[in-house]
Amino acid sequence: MTSLTADMKDAIRDGVPRALLCEIDHPDGLVNVWSHFGTLEYDSKEWIGLGILGRVTPGTSTNSLGIKQVTFELSGVPPTSTDFLSSRVRNREARVWLAAVRGYQIVADPFLIIWAKLDYQILTIDENRTAKIKLVGNVGFWNIERATNKAWTHENQIVDYPTDIGLSLLPELVDKESNWRLT
């Protein structure tokens, strides 16, 4: 993840209203929604305001390593509107950004706070005969299998951390035989 831009830091410090931008790669089409009302134009996309009908519920936060769940929820949907929905959401992605909004204009650049790989979808009908759609995803180490674009060499390391010599020791470890045993 990247850090906050100077504009975003200033906007937060100045009390500019904040919102969540949520992009879901659903099998039935890309969904771009935001946490306020109305339509927002940003990043050459139209973001639909869900207000109180939409909710993102992250799992509990701990210091332990592991995969955490996050739920993307849309409530108050007429049941007939859900007939076309595909439930094959596994391995699709969803992202949520924290944005500062000045009069329907996004302050550069929103901060990515959730990047989830979707797992399954739940559809329920409540007592008022409205549907609730929940997409459950995982955040954490699901992306550990992705290839990285960075070359991890001593030369690359000293660009970011000039005093770190740790990667210069790696050539000595190539094909080194190590005996592991229980003590």
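The values are calculated or read from the model by the stated rules, or taken from the named source; none is laboratory data. Because the structure is a prediction, the values reported are computed rather than measured. Using ideal geometry, Cβ is built from the backbone for each residue, glycine included, and neighbour counts are taken over all protein chains shown.
Things to note:
- Counted residues, region 70-92 - those being among the small types (Gly, Ala, Ser) and buried (at least 16 other Cβ atoms within 10 Å of the Cβ): 1
- Of all the numbered requirements in (1) hydroxyl-bearing (Ser, Thr, Tyr); (2) modelled with pLDDT under 90; (3) part of a strand (DSSP E or B), THR71 misses one, and that requirement is (2).
- Residue in region 1-30 that is surrounded by the fewest Cβ atoms within 10 Å (Cβ to Cβ), counting only those that are aliphatic (A, V, I, L, M) and under 14 Å from the mean Cα position of the chain (by Cα): MET1
- Condition met for LYS117 (at pLDDT below 90, at negative phi and either assigned to a loop (DSSP other than H, G, I, E, B) or crowded, with 16+ Cβ neighbours inside 10 Å (or both)): no
- Selection within region 125-163 - modelled with pLDDT of 70 or more, surrounded by fewer than 16 Cβ atoms within 10 Å (Cβ to Cβ), not in a helix (DSSP H, G or I) and not polar (S, T, N, Q): ILE125, ASP126, GLU127, ARG129, TYR161, PRO162
- Hey, THR57 in a strand (DSSP E or B), at pLDDT 90 or above and within 19 Å of TYR120 (Cα to Cα) or not: no
- Whichever residue in region 33-48 is polar (S, T, N, Q) and farther than 17 Å from PHE111 by Cβ and, among such residues, is surrounded by the most Cβ atoms within 10 Å (Cβ to Cβ): THR39
- Checking each residue in region 4-32 for being on the phi < 0 side of the Ramachandran plot, of a type in the set (Gly, Ala, Ser) and either in contact (Cβ under 8 Å) with a residue 12 or more places away in the chain or part of a strand (DSSP E or B) (or both) picks out ALA11, ALA19.
- Single residue of region 74-114 satisfying the filter (assigned to a loop (DSSP other than H, G, I, E, B) and of a type in the set (A, V, I, L, M, F, W, C)) that is farthest from ARG13 (Cα to Cα): PHE84
- Some residue of region 7-22 being more than 24 Å from ASP126 (Cα to Cα) and touching a Pro at 6+ places or on another chain (Cβ under 7 Å): yes
- Top-ranked residue of region 22-37 - restricted to ones that are closer than 19 Å to SER75 by Cβ and out of contact with any helix residue (DSSP H, G or I) (no Cβ under 8 Å at 6 or more places or on another chain), ranked as modelled with the lowest pLDDT: ASP28
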